[in-house]
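K.L.:
Before I ask anything, here is the structure I am working with.
The values are calculated or read from the model by the stated rules, or taken from the named source; none is laboratory data. Quantities reported herein were computed from a predicted structural model and do not represent experimental measurements. Neighbour counts are summed over all protein chains in view; Cβ atoms, including those assigned to glycine, are modelled from backbone coordinates with ideal geometry. Surface accessibility is based on the protein's heavy atoms, side chains included, excluding ligands, DNA and RNA. Shrake-Rupley method; radii C 1.70, N 1.55, O 1.52, S 1.80 Å.
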Amino acid sequence: MSQSPSTPSQAILPTWVEPSLLQGMLRGIERESLRMQSNGFISQELHPQTLGSALTHPHITTDYSEALMEFITPPQASIPETLRYLTDIHAVVHRHLQHEEKLWPLSMPCMLDEDEDSIQLAQYGSSNIGRFKTLYRRGLGVRYGRRMQTISGVHYNLSFPDHLFEMLQQHETDESLKALSLQDYRSHRYFGLIRNFIRLTPLVMFLLGASPSVCQCFLAGREHHLLPLLRGTLFLPYATALRMGRFGYQNSAQKQLGIHYNNLQGYLAGLQKAVKTPYPAFSHLGLNDAAGEPIQINDHVLQIENEYYSLVRPKQVPQAGETPSQALANRGVGYVELRAVDVNPYSAIGIDEHAAGFLETLALYCLLADSPDIQPAEQDQIEKNQAEVVNHGRAPNASILEQGQSCPIEEWAAQYVTTMQPLAVLLDAAYATDLYSTALGVMQQRIDEVDLTLSAQMIEDTLQQGGTWAFGSYMAQKHALAYEAHVLDPQTQAYFDALAEQSLQQQQQLEQDNSLSFADYLAAYR
C-alpha cells in the first residue's frame, strides 16, 4: 500500500465539488502568550481579576502557568471574522495588564529565573475542579520540568460542513463506507485528514515555523546541541521550529504508547490505556510530597487525556460531565485542532490571514487526498522528516523522505503547494475572496526564497536587535501600540465586561459547593 497521500502530481479535486459545498466551514483560534514584566522576566503577578475568572471565562484563560494567557475565539464563519475577534480579545487584555506588563510575542519564552519554582502554576480558585486543574499542572512540572510549560503556540480549529461529507459519502465506491452513518463517515474522513496532516507537518514547520532560536535561560542546566548566536541567545543555523523538536513538548513515556490515528476506536483505546497505565518513572516520583500534599493526579502515563501532546487532535465539544474521549465516542469527530503552528512574532495576534488561508487550504487537501493507514515504518519516516525540518529545514541540502525516496525540501514543498492551487481557487469562490490564493502565493515565495521564511527573518532581526530578549521586547512594544490603536466599539467592550463579571460569579458558585472534600474528589478520580 502507498505510504503517502496522493502524490502531488495527481489532481485530487473531484469534478463534482462545487464552491457551495465549502460554505459553512467554521474555524476558531486558540493563541497562547506569556505575560512579561517590564524587566523582561516572566510575570509574577496573578491573572488580572478585572479580566474575569481564568476557570470559567470562555475566551480569556490561562494555560500551564499563571503568566501563560490563552485567548480563544468562538467558531466563526470566515477568516477575517476570526482574526477580528482575536484582535478584540488582545485589545481587551492589553487594557487590563498592570505594572507595564506586555504580551510576549514569541513561541519560546522570555527571561526565566534559574529557579523553576518562579514559574507560578496557574491558579483557578478553591473549588474542587479549580484545585484539580492546578494539581494537573503541578504534575506536568514534576514530570517534565516547568520550563517546558512556558512555550506558546497557536491552535487552529477547523470543521467542514455536513453537506460536504454527505456528498463525499455518496461518491464513495466502497459499499461499506456508503453504509456508515453520517457521524461515523465524518469521523472516518476526519481521521484521513489527520493522517495526511501528520505526513505534511514538515511543510507547516518549514513555512510557518518561527522558533529558530531561544533565550539561553530556557536551557539552563540541560544538555543541548544549540550554538551561540549572540550573548544570551542560542540557535541552530538552519532551524525553523525548535518548539516542535526535542526542546518543545516531548514526552518519552508517550512515545511508547502506540496511540495511532488509523481509526477512531483505536485512537480512543490507546488514550484510555495511557490514562489507566502506571509508568514506573512517574510512580518513582510519588503521588504526594513530604507534607502529604498531592504533587500529581496519578502515576499513569497520562494524568488526564489532554496530557497527550500531538500535532493534531480530533475534537468534539464535550457536554456536561463528559471527558474529551467520551464526547468523541458519543458523537464522533466534530472538528480538528491543528497544533503544529508557532506564534508569528510579526503579527500582533500571533497569526495572520496568510497562515490561516494556507492552513485551511492544506486541511482541505488533507481531507480530499488518499490517506492510507500510517504503519510503523512510515511513522519512523515522518519523525525523521520532522526532525530534519525542525533542525535543518532552511539548509541548502535539506531533504524530505517520501516513499523511500529523498527529495530536496524546496522541490517537495513546491509540489504540494502547486497541487493545492485549485483548492485555493475553490475556497476563494466559496467565500468571494482572493485570500486563499494570495496565501498560497506567499507560501510559494517562501519556498522560492528561503530568506523570506519567518524563521530566517527572525534570525536576521534577532541579530539586528541584539538577542532574543531585545527582539521580543521590540516586537512586544510594537504590538502594544497596535492594541492601543485598535478601536473597541462600546458593544464589544460591554460584552467583555459582562463576561468578566459572569465568569467571576460562576467561579464563586463552584466554590460554594463544598459537598465533597478535595481529598475525596481526587480519590474518586484516582
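K.L.:
Is there any pair linking a residue in region 208-230 that is farther than 28 Å from residue 353 by Cβ to one that is of a type in the set (Asp, Glu), with Cβ under 7 Å and at least six apart or on different chains, and which?
P.N.:
Going by the 7 Å Cβ cut-off, the qualifying pairs are 220/114.
K.L.:
Can you work out which of the residues in region 450-465 that are open to solvent by 50 Å² or more (accessible area, probe 1.4 Å) and in contact (Cβ under 8 Å) with a residue 12 or more places away in the chain is farthest from residue 100 (Cα to Cα)?
P.N.:
Looking at residues that are open to solvent by 50 Å² or more (accessible area, probe 1.4 Å) and in contact (Cβ under 8 Å) with a residue 12 or more places away in the chain, I get 457.
K.L.:
Give region 90-148 a look and list any residue that's assigned to a helix (DSSP H, G or I), within 20 Å of the chain's Cα centre (by Cα) and farther than 23 Å from residue 279 by Cβ, or say none.
P.N.:
90
Yes/no matrix, rows are residues, columns are (1) among the polar types (S, T, N, Q); (2) closer than 18 Å to residue 153 by Cβ:
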site: 103; (1), (2): no, yes
site: 107; (1), (2): yes, yes
site: 115; (1), (2): no, no
site: 123; (1), (2): yes, no
site: 126; (1), (2): yes, no
site: 134; (1), (2): yes, no
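K.L.:
Further question on the same structure: Can you name every residue in region 154-163 that is open to solvent by less than 60 Å² (accessible area, probe 1.4 Å) and not small (Gly, Ala, Ser)?
P.N.:
Answer for region 154-163, where residues must be open to solvent by less than 60 Å² (accessible area, probe 1.4 Å) and not small (Gly, Ala, Ser): 154, 155, 156, 157, 158, 160, 161.
K.L.:
Out of everything in region 341-354 that is open to solvent by 10 Å² or more (accessible area, probe 1.4 Å) and aliphatic (A, V, I, L, M), what residue ends up being farthest from the chain's Cα centre (by Cα)?
P.N.:
Selected residue: 348.
K.L.:
Can you name the residue in region 55-72 that is outside any strand (DSSP E or B) and open to solvent by less than 20 Å² (accessible area, probe 1.4 Å) and, of all such residues, is nearest to residue 85 (Cα to Cα)?
P.N.:
59
K.L.:
Name the residues in region 16-54 that are under 23 Å from residue 357 (Cα atoms), in a strand (DSSP E or B) and hydrophobic (A, V, I, L, M, F, W, C), would you?
P.N.:
If the condition is that a residue be under 23 Å from residue 357 (Cα atoms), in a strand (DSSP E or B) and hydrophobic (A, V, I, L, M, F, W, C), then 26, 29 are the ones that fit.
K.L.:
Here is a follow-up. Would you pick out the residues in region 114-146 that are more than 23 Å from residue 323 (Cα to Cα) and open to solvent by less than 10 Å² (accessible area, probe 1.4 Å)?
P.N.:
119, the sole residue that qualifies.
K.L.:
If residue 320 passes every condition in (1) more than 22 Å from residue 201 (Cα to Cα); (2) modelled with pLDDT of 95 or more; (3) open to solvent by 20 Å² or more (accessible area, probe 1.4 Å) but one, which one does it miss?
P.N.:
(2)
K.L.:
Another one. Name the pairs whose Cβ atoms lie under 8 Å apart, with the first residue in region 414-433 and closer than 14 Å to residue 22 by Cβ, the second open to solvent by 60 Å² or more (accessible area, probe 1.4 Å) and of a type in the set (A, V, I, L, M), and 6 or more positions between them or separate chains?
P.N.:
Matching pairs, first to second residue: 422/11.
K.L.:
Which count do you get for residues in region 480-526 that are assigned to a helix (DSSP H, G or I), without any contact (Cβ under 8 Å) to a residue 24 or more places away in the chain, under 25 Å from residue 349 (Cα atoms) and not hydroxyl-bearing (Ser, Thr, Tyr)?
P.N.:
Selection size over region 480-526: 7.
Conditions (1) over 21 Å from the mean Cα position of the chain (by Cα); (2) more than 30 Å from residue 450 (Cβ to Cβ); (3) in contact (Cβ under 8 Å) with a residue 12 or more places away in the chain, marked per residue:
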position: 234; (1), (2), (3): yes, no, yes
position: 240; (1), (2), (3): no, no, yes
position: 269; (1), (2), (3): yes, yes, no
position: 299; (1), (2), (3): yes, yes, yes
position: 306; (1), (2), (3): no, yes, yes
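K.L.:
Sticking with this structure for a sec: Anything in region 360-381 that is surrounded by fewer than 23 Cβ atoms within 10 Å (Cβ to Cβ) and in contact with a strand residue (DSSP E or B) (Cβ under 9 Å, 6 or more places away or on another chain)? List them, or say none.
P.N.:
381
K.L.:
Go through the residues of region 225-240 one by one and say whether even a single one is touching a Lys or Arg at 6+ places or on another chain (Cβ under 8 Å), small (Gly, Ala, Ser) and at negative phi.
P.N.:
Yes, some residue in region 225-240 is touching a Lys or Arg at 6+ places or on another chain (Cβ under 8 Å), small (Gly, Ala, Ser) and at negative phi.
K.L.:
Determine which member of the set 506, 464, 445 is closer than 30 Å to residue 322 by Cα and not charged (D, E, K, R).
P.N.:
Testing whether each residue is closer than 30 Å to residue 322 by Cα and not charged (D, E, K, R) leaves just 506.
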